[in-house]
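What follows is a short report on a single structure.
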Amino acid sequence: MQETARLETFSDGVFAIAATLLILDVRLSGHGSVSHQLTHASPSYAAYAISFATLEIVWVNHHTVFAQIGRVVRTFLFINVLFLIVIAFSPFPTRVLAEHLREGSKAAAFAYGLTFTAMAICYGALWFYAALGRRLIDPRADQRVVSGISRSFAPGSIIYLIATLSSLVAAWLAVALYAAIALFYVLESSLFGRDAE
């Protein structure tokens, strides 16, 4: 859609920068042998993998969402900006989690989860603003796909909030749940893509 092309291009750029910034924080400590440093950096690998997978799933679904959008209005643009603010911020809590996961920091796991809960809330707001009464939906969009996206988005914020609250019990429990959520949406996203074709 010509009307949404600029917004999609800008959003793609923010996703690309955020994904690139994630890897910049994966580095060796400089202490001990290389094998020791590589082993010691394992929390960084986990945090990077979970965050990168989550961002890429969100990016794929963002593309699917915009395939259903027929027009944009200022409110929709500002909701998308809020969503992209969280996307751009995500490398920071990822780095904090990577640096403090080994010590089991509940605060780091909580801050990470809070960021991704905010992402889910903004993403849901973006979609439901557009989909309510088919306000911004392309008249040619298949209602089955629109309904499928709505069903997929509905539990997202709650699932992330539950995972975030689990960090108050144990950081590793929360990280395991964040990984499980990412895996769930990878599988769910595959179904999403087939429905949208």
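Things worth noting here:
- Comparison of 102, 71, 95 shows that the only residue that is surrounded by fewer than 19 Cβ atoms within 10 Å (Cβ to Cβ), touching a Leu at 6+ places or on another chain (Cβ under 9 Å) and among the charged types (D, E, K, R) is 71.
Per-residue answers, yes or no, for (1) assigned to a helix (DSSP H, G or I); (2) at pLDDT 95 or above; (3) not hydroxyl-bearing (Ser, Thr, Tyr):
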{"site": "157", "(1), (2), (3)": "yes, no, no"}
{"site": "162", "(1), (2), (3)": "yes, yes, yes"}
{"site": "165", "(1), (2), (3)": "yes, yes, yes"}
{"site": "169", "(1), (2), (3)": "no, yes, yes"}
{"site": "182", "(1), (2), (3)": "yes, no, yes"}
{"site": "185", "(1), (2), (3)": "yes, no, no"}
{"site": "188", "(1), (2), (3)": "yes, no, yes"}
{"site": "191", "(1), (2), (3)": "yes, no, yes"}
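- Looking only at residues in segment 50-68 that are among the aliphatic types (A, V, I, L, M) and touching a residue at least 60 places away in the same chain (Cβ under 8 Å), the one that is nearest to residue 96 (Cα to Cα) is 50.
- Qualifying position, being surrounded by 15 or more Cβ atoms within 10 Å (Cβ to Cβ) and closer than 19 Å to residue 187 by Cα, among 86, 60: 60
- Sub-9 Å Cβ pairs linking a first residue in segment 3-26 that is in contact (Cβ under 8 Å) with a residue 24 or more places away in the chain and over 19 Å from residue 94 (Cβ atoms) to a second residue that is small (Gly, Ala, Ser) and surrounded by 13 or more Cβ atoms within 10 Å (Cβ to Cβ), at least 6 apart or interchain, are 3/70; 4/70, ordered by first then second residue.
- Listed here are the helices (runs of 4 or more DSSP H) enclosed by segment 45-148 that have at least 3 residues being over 22 Å from residue 15 (Cβ atoms): 106-131.
- Long-range neighbours under 9 Å by Cβ, at least six apart or interchain, first residue under 22 Å from residue 24 (Cβ atoms) within segment 96-114, second charged (D, E, K, R) and not in a helix (DSSP H, G or I): 98/25; 99/25
- Of the residues contained in segment 116-133, one or more are found to be surrounded by fewer than 15 Cβ atoms within 10 Å (Cβ to Cβ), at pLDDT 90 or above and either closer than 23 Å to residue 100 by Cβ or of a type outside the set (Gly, Ala, Ser) (or both).
- Any hit, segment 33-42, residues being crowded, with 17+ Cβ neighbours inside 10 Å and either out of contact with any Asp or Glu (no Cβ under 8 Å at 6 or more places or on another chain) or modelled with pLDDT under 90 (or both): yes
The values are calculated or read from the model by the stated rules, or taken from the named source; none is laboratory data. Note that the structure is a prediction, hence the values are computed from the model and not measured. Glycine also receives a Cβ, built like all others from the backbone with ideal geometry; neighbour counts cover every protein chain displayed.
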